[in-house]
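Everything on this sheet refers to the single structure shown next.
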Amino acid sequence: MSIVTISRGLFSSGQALAERVAERLGYRSMSRELLLEAATRYEIPEARLTELMETPPEVTPIKPEQLRLYRVVMQAAMCEVVQGGKIVYHGHGGQEFLPGIAHVLKVRLLAPLSYRVARVREQRHMDQASAYLYLTNVDDIRARRVQEFFGVDWQDPRRYDLLLNLARMSLDEAAERVAEWAKRPEFQPTPASEQALRDLTVKARVEAALAVDEATRSVVLNVLAKQGTVHIWGTLPGFGVEREVMRVIEGVEGVQDVVPDFRVVLAKVEVGDIH
């Protein structure tokens, strides 16, 4: 069955749309559950992942190695929860965790600013100016975080299959449109798209396992998975690291064979350091 991802701005009724689509299709709706899955599976505090998406980069700066860690564990968690399809995921960047998977329907939900401001005022008891500033601030934070994570503009319409504007249709009409598209032949799993998801899942598991293991977390390597065979290549800081990398990969579910291509680069020793 297909996988549906819905990207939306804050207070755009993305959750309500996802729940209505899921009800029509007999699917499961999810969003924050992804953070819980990632936190549980890879022992990272859920609060840290939540803080990442809700505070400005200058307030909560992230080191490159932390950014890579959060990205790969969340992608691995996403790959795990979408196995078998029948998922409607609502949240920023959901489609970016599943690149190249043909049976993913990527939806962008648009809502007029006046609609969003009214919902903020109702739920947060703010005046109009405060509600507007709140929305623009959170939208900016999340856009910058997605840019940090994936290097893309999540608002770029070219990244989506279906764009829905609540200024021109009701929420029920939008849900019906998504459900109709999710049933279209081009978004149904094929042997090729299911294999692509299995390969992506193994790749994501390997990257996450390397990122959380104390012996390999500082190593950045290229990973490609194909039908159970993992090709991994890149630079290692020492000969002993190769053994640790192989140990971690061989313990990952779905890995049948490993084809390594490492180049070891030892740290230079200055003459003055030798006594």
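Where the centre of each part is set by its Cα atoms, how far does segment 80-153 sit from segment 211-246, in angstrom?
Result: 33 Å between the Cα centres.
Just check segment 124-275 against the gyration tensor rule for me: Cα atoms, a ≥ b ≥ c as the square roots of the eigenvalues, rounded for a/c under 1.5, and otherwise prolate or oblate depending on whether a/b exceeds b/c.
Verdict is oblate for segment 124-275.
Of the heavy-atom accessible surface of segment 60-121 (probe 1.4 angstrom), what whole percent is carbon and sulfur?
54 percent
Taking the Cα-to-Cβ direction at Met169 and at Arg32 and moving 7 Å from each Cα, how far apart do the two end points lie in nm?
Output for this residue pair reads 2.9 nm.
Of the DSSP beta bridges with both residues in segment 113-263, give the percent that are antiparallel, rounding to the nearest 5.
40 percent
With the other protein chains left in place, how much accessible area per residue, in square angstrom, belongs to the chain at a 1.4 angstrom probe?
About 51 Å² of surface per residue is accessible.
Give me the distance in nm between label points sitting 7 Å out from Cα along the Cα-to-Cβ direction at Glu176 and Thr50, one decimal.
3.7 nm
I'd like the carbon and sulfur percentage of the solvent accessible area for segment 212-264, probe radius 1.4 Å, heavy atoms only, ligands and nucleic acids excluded.
Ligands and nucleic acids excluded, carbon and sulfur give 46 percent.
Let me have the relative contact order for the chain, percent, based on Cα pairs under 8 Å that are six or more residues apart.
It rounds to 23 percent for the chain.
For Glu253 and Gln188, what does the FRET efficiency come to when R0 = 22 Å and r is the distance between their Cβ atoms, rounded to the nearest 0.05?
Given R0 = 22 Å and the Cβ-Cβ separation, E is 0.25.
Return the carbon/sulfur percentage of the accessible area of segment 2-45, one whole number, probe 1.4 Å, all protein chains in place.
Ligands and nucleic acids excluded, carbon and sulfur give 44 percent.
Determine the sum of side-chain charges near Arg119: Lys and Arg each +1, Asp and Glu each -1, restricted to other residues whose C-beta is under 15 angstrom from that of Arg119.
That sum, taken over residues with Cβ under 15 Å, equals +1.
For helix 64-81, report the angle its Cα long axis makes with the longest principal axis of the Cα atoms of the chain; keep it between 0 and 90° and round to the nearest 10°.
For 64-81 against the chain, the angle is about 60 degrees.
How much length, in nm to one decimal, is gained on full extension between Asn137 and Arg159, taken as 0.36 nm per residue of separation minus their Cα-Cα distance?
5.6 nm
Keeping to pairs on different chains or 8 or more places apart, tell me how many lysine pairs in the chain have Cα atoms under 21 Å apart.
4
Would you mind classifying the chain by shape? Square roots of the alpha carbon gyration tensor eigenvalues, ordered a ≥ b ≥ c; an a/c under 1.5 is rounded, otherwise it is prolate if a/b is larger than b/c and oblate if not.
oblate
Please work out how much length the chain gains when fully extended from Gln123 to Trp233, using 0.36 nm per residue of separation minus the C-alpha to C-alpha distance, in nm with one decimal.
Stretched out fully, the Gln123 to Trp233 stretch lengthens by 34.5 nm.
Note down the nm distance, to one decimal, between modelled labels 7 Å out along Cα→Cβ at Ser130 and at Ala215.
My value for the distance between the label points is 5.5 nm.
Quick one: work out Rg over Rh on the C-alpha atoms of segment 104-181, Rh as Kirkwood radius.
Looking at segment 104-181, the ratio lands at 1.02.
Report the local net charge at Leu110: Lys and Arg +1, Asp and Glu -1, summed over other residues whose C-beta lies under 12 Å from its C-beta.
That works out to +4.
Taking the DSSP beta bridges in the chain as the whole, what percent of them are antiparallel, to the nearest 5?
15 percent
The values are calculated or read from the model by the stated rules, or taken from the named source; none is laboratory data. Note that the structure is predicted; figures quoted are calculated from it, not measured. We place every Cβ from the backbone using ideal geometry, glycine too, and count neighbours over all the protein chains shown. Only protein heavy atoms, including side chains, enter the accessible area calculation; ligands, DNA and RNA are left aside. Shrake-Rupley method; radii C 1.70, N 1.55, O 1.52, S 1.80 Å.
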